[in-house]
Amino acid sequence: MNGRLRFDTWLNGAAAWLLALLWVLPLFYAIWTAIHPAEFEARFVLTAPLTLENFRSAWGAAPFARYFLNTFILVTMILICQFVLCTLAAYAFARFQFPGRSILFSLVLLQLLVMPDILIVENYKTIRALGLVDTIPAIALPYIASGFGIFLLRQTFMTVPRELDEAARIEGASPLGILWRVYVPLAKPTYLAYGLVSVSHHWNNFLWPLIITNSVETRPVTVGLSIFSAIDSGIEWSVINAATLMTSGPLLIAFLLFQRQFVQSFMRAGIK
Amino acid sequence: MQRREWIYGWLLLLPAFALLAMFTHIPAVATFWDSFFSTPRGRREARFIGWENYERLLDDPIFWKVLTNNLWFALGTIPLSMILALAMALWVNKQFFGQGFLRMAYFTPTVLPLIAVANIWLFFYTPGFGLIDQILGLFGFAQTNLLGSPDTALGAVMAVTIWKEAGFFMIFYLAALQSIPPSLLEAAKIEGAGSWTTFRRIVFPLLMPTTLFVSINAVINSFRLVDHLFILTGGGPDNASSLLLFYIYETAFRFWDTAYGATLTVVMLVLLSLLAIGQFFLFDRKVHYQ
């Protein structure tokens, strides 16, 4: 029995490692081509010379600095607006009684199914009517009132003990004061979790930015990367791979540094 | 006093709901409305044409093609990535040698933009030159063109999707596994249950709510994620790998036929709702809520 059990564990371990190796292989390969000269694209020699030349030529071949700035502005804008709007709405749902509460809440949850990603045709019309086509706020607007964010924060706010709320009220704090001094500090882990999910989601978003932007001044890195690698002019693979790694670099590095928090944040965001 | 609470509640909701209505509720309704009109072109304004867009839809071979593609895509990616996700979670949850590495390896693809993922994989698939052909070449196989031939293009796209998604779903299973009380598992061990029986009788049933949650997410994603098509195949060859949302994009933003784009979006909305409702009922009987 014991022997079989050990064999079982061994087999499981081997399978786990095999899958893991298979899973990192594509990424490892991208890194390999990006840090070696082009002639080593498919030749795996340990003595191959290392180089940063690919990154340099990728950086010089397209306005990546501007793309990064755009993405940075976009992600920050979305995050701040989401925090403010979702906090207010979640607070209303968690602690206030008013007519229409449950209908309004199901209208919020509806967005988990009918996402802005799908309503591209109509949202483009709206943005055009507002005269905002090809601006960074246009990329952000459909995502700011996030049903997911409101739901997540509401669940967290509901776990805050009523006594804390009432104590603050007796001391004369206004509803917004209570929100700011009692609820928000207690929900910090949720904000972190939601923040990480939101930043990685919008850093990676592609379709809507592709539709709504058409100039260097507004394009985020994902769209910039797709344009860069779609040029047929025979850019070397190593350069494209360098550009690819560059665009995912900041997120990737952040992930490797804060791996535990990252995984836990996604978990927290998923459970509730 | 109570009135004041009402007003407070509504005021707190106002900013979020203004945007929600503007970019989710009104567009959803407008999609249905616009599907009964023609596309405005130049000076000609949109006019009411009744069911004409829908008749065109039924006669549109590309629509049927992308719809079947999308169903195959969902059938091919969802079960496999969920099974892999569950296996990954079970493995990461056990104390294996190098557990940290395993978790990192499984989860990293999730952090990458789908566009970047497609770029990386495109190189594997390149005929003759790409890694897959290089390896096959060593064994004397002929050149392949996985992305370029209609029989394999969709499968090649599916492989990329599974690689990207499995680690994401793993997280949810991992969270659920860690919330299972250890006493339950110990009790099973004392009773002499083997690891397979424990999994089938105790762990798996307890994971049912997570499975429901993950599968709804997976269904939505299988309709929502088309970014990699732009890089890998462009929907080709001959729409062999095109998906519904990609077709909507092409119709509305390449050919600027917005009314037909709206009609296609209606199909998408109806399908998503039906699938979500269906899944809920299908799983509801088997889900044990605590």
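The values are calculated or read from the model by the stated rules, or taken from the named source; none is laboratory data. Nothing here was measured: the structure is a model prediction, and the numbers come from that model. Every residue, glycine as well, gets a Cβ built from its backbone with ideal geometry; the counts of neighbours run over all protein chains shown.
A few notes on this one:
- Sole exception among (1) part of a helix (DSSP H, G or I); (2) in contact with a Pro (Cβ under 9 Å, 6 or more places away or on another chain); (3) at pLDDT below 90 for B:Ala259, by number: (3)
- Selected residue [in contact (Cβ under 8 Å) with a residue 60 or more places away in the chain and under 13 Å from the mean Cα position of the chain (by Cα)] from B:Leu243, B:Leu269: B:Leu243
- Filtered by the rule that a residue be more than 22 Å from A:Phe40 (Cα to Cα) and more than 10 Å from every other protein chain (Cβ to nearest Cβ), segment B:111-143 gives B:Phe141, B:Ala142.
- Test: residue in segment A:36-45 that is modelled with pLDDT of 80 or more, surrounded by fewer than 16 Cβ atoms within 10 Å (Cβ to Cβ) and touching a helix residue (DSSP H, G or I) at 6+ places or on another chain (Cβ under 9 Å): yes
- Residue that is surrounded by the most Cβ atoms within 10 Å (Cβ to Cβ) [pool: residues in segment B:59-110 that are more than 17 Å from the chain's Cα centre (by Cα) and away from chain A (no Cβ under 14 Å)]: B:Phe63
- Out of A:Pro116, A:Pro142, one residue alone is at the interface with chain B (Cβ under 7 Å from one of its Cβ atoms), under 18 Å from the mean Cα position of the chain (by Cα), in a loop (DSSP other than H, G, I, E, B) and not hydroxyl-bearing (Ser, Thr, Tyr). It is A:Pro116.
- In segment A:25-33, the count of residues that are in contact with a Pro (Cβ under 9 Å, 6 or more places away or on another chain) and not hydrophobic (A, V, I, L, M, F, W, C) is one or more.
- Flag if A:Asn123 is more than 11 Å from chain B (Cβ to nearest Cβ), buried (at least 19 other Cβ atoms within 10 Å of the Cβ) and not hydrophobic (A, V, I, L, M, F, W, C): no
- Complete set of residues in segment B:18-29 that are surrounded by fewer than 22 Cβ atoms within 10 Å (Cβ to Cβ), free of Cβ contacts under 8 Å to residues at least 12 places away in the same chain and either within 7 Å of chain A (Cβ to nearest Cβ) or of a type in the set (Asp, Glu) (or both): B:Leu19, B:Met22, B:His25
- Residues that are within 12 Å of another protein chain (Cβ to nearest Cβ) and touching a residue at least 60 places away in the same chain (Cβ under 8 Å) occur in segment B:150-163; there is at least one.
- Contact annotation: residue pairs with Cβ atoms under 6 Å, 6 or more positions apart or on different chains, pairing a residue in segment A:112-132 that is on the phi < 0 side of the Ramachandran plot with a partner that is part of a loop (DSSP other than H, G, I, E, B), are A:Ile127/A:Val133.
- Scanning segment B:246-272 for residues that are of a type in the set (S, T, N, Q) and at the interface with chain A (Cβ under 7 Å from one of its Cβ atoms) returns B:Thr258, B:Thr265.
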